[in-house]
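In what follows, a structure is listed as structure tokens, so that the remarks can point back to it.
The values are calculated or read from the model by the stated rules, or taken from the named source; none is laboratory data. Predicted model, so just to flag it, every value in this text is computed and none were measured. Cβ placement follows ideal geometry from the backbone for every residue including glycine, while neighbour counts extend to all protein chains displayed.
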Amino acid sequence: MANLLKTLPLRPPIAPNLPIAPVDYTQTYQDQLLNALRLYFNQIDNFTQGINLPNSGVTTGRPVNNLSVGQFYFDTTLGIPIWWNGEHWVNSSGTTV
């Protein structure tokens, strides 16, 4: 799954076109509205599952997949913030850690 995410671009969710409410209550309108919202929130769930990476932890727990240049991680073993430069984790001075 992780390799698949690297090859597929993550597309942010698009807000749904909500149906226009009638003057009087109708079950059909409520069903259409809830279906549009359900689909939208499913898009958000699917999108955030692909990018949910830890932002702190021990050195051995650093993320290794789906990283973007500039990805932040606070290494609790070292006690410093580090960033992914595209090849290595580096500290604020650019030294590989």
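In this structure, does residue 31 turn out to be over 22 Å from the mean Cα position of the chain (by Cα) and surrounded by 10 or more Cβ atoms within 10 Å (Cβ to Cβ)? Answer is yes for this residue.
Can we say residue 34 is closer than 21 Å to residue 12 by Cα and modelled with pLDDT of 90 or more? So residue 34 fits the description; yes.
In summary, residue 94 fulfils each of the numbered conditions (1) in a loop (DSSP other than H, G, I, E, B); (2) touching a residue at least 12 places away in the same chain (Cβ under 8 Å); (3) not aromatic (Phe, Trp, Tyr) with the single exception of condition (2). Among residues belonging to segment 45-58 that are among the hydrophobic types (A, V, I, L, M, F, W, C) and surrounded by 12 or more Cβ atoms within 10 Å (Cβ to Cβ), point out the one that is nearest to residue 77 (Cα to Cα). Residue satisfying both the conditions and the ranking: 53.
In segment 47-79, of all residues being within 26 Å of residue 12 (Cβ to Cβ) and not in a loop (DSSP other than H, G, I, E, B), the one that is modelled with the lowest pLDDT corresponds to 49.
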